[in-house]
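Have a look at the structure below before the remarks.
The values are calculated or read from the model by the stated rules, or taken from the named source; none is laboratory data. Quick caveat: nothing in here was measured; it's all calculated off a predicted structure. Cβ sites come from the backbone with ideal geometry, for glycine too, and all protein chains shown count toward neighbours.
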Amino acid sequence: VAGRPKNEVGIILHSGRNRIIRRIFEHLGYEVKKLDRTWLAGLNKRGLRRGQWRYLTEREIVMLKHFV
């Protein structure tokens, strides 16, 4: 990922779970220290630090109801 440390990798996974990423990298001989989900179901955590939360907007609630 441009501008990031060389020990960080950015991957987009359209389906599945974090375990898939962990298994792939461990199979290739890499140690996975941390996985961070930055986007899920149209929501992202931009602007939130670890442990912070926020209320969803009406638009986000409607969008989530369509995912179910």
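Checking each residue in the stretch 1-46 for being on the phi > 0 side of the Ramachandran plot and at pLDDT 85 or above picks out only G29. Screening R59 against (1) surrounded by 10 or more Cβ atoms within 10 Å (Cβ to Cβ); (2) modelled with pLDDT of 85 or more; (3) outside any loop (DSSP other than H, G, I, E, B) leaves a single unmet condition, (1). Within the option set R23, R46, being surrounded by fewer than 12 Cβ atoms within 10 Å (Cβ to Cβ), without any contact (Cβ under 8 Å) to a residue 60 or more places away in the chain and either closer than 30 Å to N7 by Cα or not aromatic (F, W, Y) (or both) holds for one residue only, R46.
Would you tally the residues in the stretch 26-37 being surrounded by fewer than 10 Cβ atoms within 10 Å (Cβ to Cβ) and either part of a loop (DSSP other than H, G, I, E, B) or under 13 Å from the mean Cα position of the chain (by Cα) (or both)? Residues meeting the conditions: 6.
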